[in-house]
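Student: Quick one: the structure is below, and I'll ask about it shortly.
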Amino acid sequence: MAGTGGTETYGAALARLRAAQKSAKGVSLYSRWVNRPAGRLLAAAAHRAGLRPNHVTGLSALCSFAAVAAVALARPSWPLALAVWAGLFLGFALDAADGQLARLRGESSPAGEWLDHAVDCAKITALHAAVLVSFHRFFDLPGEGWLLVPLLFQLAAVLIFFGGLLTDKLKRAHQTSAPAPAPPPSRLRALALLPADYGVLCALFLLLGAPGAFRIGYAVLCAVYVVFCAAFSVKWFRELSALNASSTPLS
């Protein structure tokens, strides 16, 4: 039923999306219970409107980068906090929707996947750059060392994103047998992954109306990302090393 957005009802599209969800393994509680369901609603609406997955990716980029620009250009306030969070929230939900729409329409493609990841990488990098600009322009910082926090956060966030993506690609490329059935998703693991979820970072911007609270919350979350980055890097390196050790040498 791919490409039937003009005739399929919203409810029918939503039902098909519910039946074709990706595994929840390695997904935090926010993505599982908030972002994916929101993306599902948006994907069904986009399908009904006849939009293509790349159109949804473009809408995601528009919402995300509008919010990023607002962080860099406007003085922190409660209205700005709400507007930035809304833009980031909607951009993240649309980011979940484009992949769901691609599966619904049967239009998954390497080019679409590349575009999705390129937008993700750009928005992660730009968001922390915008915080750096805002810190410099609008915040009463205790010292100039605070300007290093967004740079450290940016580094950790990009390494987590790129490292996880590359590890997944390399593991699939070196897979010599059918993958084992995935174990049931762990709720405890989903809870532990929550601090590193992009949706939690988006919610942090609701504190922009109180610059001091935002600065402290941002620094704490930065420290959490650094710890996660170190732990994930060790885990991924060990997994890939195990693949190398188990591979058959060429004769």
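The values are calculated or read from the model by the stated rules, or taken from the named source; none is laboratory data. From a predicted model like this one, the values you see are computed outputs, not experimental measurements. No Cβ is skipped: glycine too gets one built from the backbone with ideal geometry, and neighbour counts run over all protein chains shown. SASA here: full protein model, heavy atoms, side chains in, ligands and nucleic acids out. Shrake-Rupley method; radii C 1.70, N 1.55, O 1.52, S 1.80 Å.
Student: Quick check on my filter: what residues within region 25-51 are in contact with a Gly (Cβ under 9 Å, 6 or more places away or on another chain) and either assigned to a helix (DSSP H, G or I) or among the charged types (D, E, K, R) (or both)?
Tutor: Residues satisfying the conditions are Tyr30, Ser31, Val34, Asn35, Gly39, Ala43, Ala44, Ala46, His47, Arg48, Ala49.
Student: Do we have Ala130 as open to solvent by 20 Å² or more (accessible area, probe 1.4 Å) and either small (Gly, Ala, Ser) or closer than 16 Å to Ser31 by Cα (or both) here?
Tutor: no
Student: Still on this structure, please answer the following. Go through region 52-82 residue by residue and tally those that are polar (S, T, N, Q) and not in a helix (DSSP H, G or I).
Tutor: 1
Student: Looking only at residues that are open to solvent by less than 70 Å² (accessible area, probe 1.4 Å) and more than 18 Å from Asp120 (Cβ to Cβ) in region 151-182, which one is modelled with the lowest pLDDT?
Tutor: Going through the qualifying residues, I end up with Ala182.
Student: Let me ask something else. Hey, among the residues in region 65-94 that are under 14 Å from the mean Cα position of the chain (by Cα), buried (at least 23 other Cβ atoms within 10 Å of the Cβ) and in contact (Cβ under 8 Å) with a residue 60 or more places away in the chain, which one's farthest from Ala111 (Cα to Cα)?
Tutor: Result: Leu88.
Student: Which members of region 50-64 meet the condition of being more than 14 Å from the chain's Cα centre (by Cα), modelled with pLDDT of 95 or more and under 19 Å from Arg105 (Cβ atoms)?
Tutor: Passing the criteria: Leu51, Arg52, Pro53, Asn54, His55, Val56, Gly58, Leu59.
Student: If you check every pair at least six apart or on different chains, which have Cβ atoms under 9 Å apart with a residue in region 202-222 that is within 14 Å of Phe135 (Cα to Cα) and basic (Lys, Arg) first and a residue that is open to solvent by less than 10 Å² (accessible area, probe 1.4 Å) and assigned to a helix (DSSP H, G or I) second?
Tutor: So the pair list comes out as Arg215/Phe135.
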